1. For the range 244-283, report the translational diffusion coefficient in µm²/s to the nearest whole number, using Stokes-Einstein at 20 °C, 1.002 mPa s, and a Kirkwood Rh over Cα pairs.
2. Classify the range 44-119 from the C-alpha gyration tensor, please: rounded if a/c falls under 1.5, else prolate or oblate depending on whether a/b exceeds b/c.
3. Which residue fluctuates most in the GNM of the chain (Cα springs below 10 Å): G243, G162, G327?
4. Please list, in chain and number order, the residues 5+ apart from T38 or on another chain whose amide H is under 5 Å from its amide H, with Hs placed from the backbone.
5. DSSP beta bridges in the range 1-113, what fraction antiparallel, as a percent rounded to 5?
6. So how do 110-118, 202-210 stack up, highest first, on mean other-Cβ count within 10 Å?
7. Which value in Å does the Kirkwood hydrodynamic radius of the range 22-88 take, with 1/r averaged over all unlike C-alpha pairs and then inverted?
8. Rounded, prolate or oblate: pick one for the range 1-143, where a ≥ b ≥ c are the square roots of the eigenvalues of its C-alpha gyration tensor, a/c under 1.5 means rounded, and failing that, prolate if a/b is larger than b/c, else oblate.
Amino acid sequence: MQLNLGDRRWLLDCGFGPEAHAHFDPAWLDGADAVFITHDHIDHIGGASHAVEAGLPIFATAQTARALPPAAEVHLLPEQGETVIDGVRLTTGRNGHAMGGVWMHFALGEGVFYSGDWSEESDWFPFDPPPAAATAILDCSYHLDDVPQSERFAALDALLDGLEGQVLLPVPPSGRAGEMALHLIRRYGVESVMFDPECQATLRAALASAALGPAVQEIAPLLSRGPMDQARFLVCDTPNADGGAAWGYVRAWHESGRLGRDAHVVFTGHMTAHARAICRVPGGYFQRWNVHPPFRDQVRMLERLGAKRFAPAFCAQPEDYLIEDLGVEIFLHDPVRL
């Protein structure tokens, strides 16, 4: 998303994917003066190397900055607080979606709010309510889907209860890995869950952070446990099982004939072609875990902000919002000009 302010152009996030063939178009950086990154997932940070090559300053939290190329010109943002950039006050707050992830509120006109990805349903990541803003650029990844997390949990629990043997849950380590483990140990017991080393390393840092709630300490026993094949539930990187420990397990189970018999894979996030292929064979399943806002939360955010203008972001058919009675002006596709 481009934010144009007279003679300045700021790029809000610079990601690509998550499909393997996706790429970042460097043309988005043409005329840009700075890049603002909300969190470290590839669809928001994946094009950062192009910004570094272009010599652009990058504004991000310390956690997000760890995923940037070493040569990046980083200007650190607080997870909660205010920063003045070229005379513009930027307020940031925790987005309920990822470690170090933030929403952004620019004090321009009557206020511009950019959510990046966000969720208000997490037991793991805190969400800070934002100040009022007349212009809202909101995460609408789930489009008009209105199923709440409580129903997602019930469906996931029913699926897991019916699977015999081991279950692999591919996840992004800085995303729903910890929250998923928290849910599993509360329902099935702490001995039932294992992390791969990548998730262990990421979550060890998370537990040392003061940015998360006290409930995160419940997963502490999992951070030194191994080997993974002794547990029923294996929480592993990567989220589409196209690399890391998750792909290693899928491949080994398929070659040994275990997949679909006493070993299963349950995907809970965006499905790339690789993940969809796994779900077409016995042993592969999909059950969504909300990490983006359902439609009811999108509407509630517009009301909370007092928004007059609304841009649905990250959805394939934003024009569908034109038929919803939201009481706001809806703009599609174009950069935000102020």
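1. 207
2. On the way: a/c = 1.91, a/b = 1.31, b/c = 1.45.
The shape class here is oblate.
3. G162
4. D13
5. Details: 16 of 26 bridges.
In the range 1-113, approximately 60 percent of DSSP beta bridges are antiparallel ones.
6. Working: 110-118: 23.8, 202-210: 14.4.
Order by mean packing, descending: 110-118, 202-210.
7. Evaluated over the range 22-88, this radius sits at 12.4 Å.
8. Numbers: a/c = 1.42, a/b = 1.12, b/c = 1.28.
Verdict is rounded for the range 1-143.
The values are calculated or read from the model by the stated rules, or taken from the named source; none is laboratory data. In this text the structure is predicted, and so the values were computed from the model without any measurement. Here the Cβ is made from the backbone with ideal geometry for all residues, glycine too, and neighbour counts use every protein chain on show. Surface areas here come from the heavy atoms of the whole protein model, side chains and all, with no ligands, DNA or RNA. Shrake-Rupley method; radii C 1.70, N 1.55, O 1.52, S 1.80 Å.
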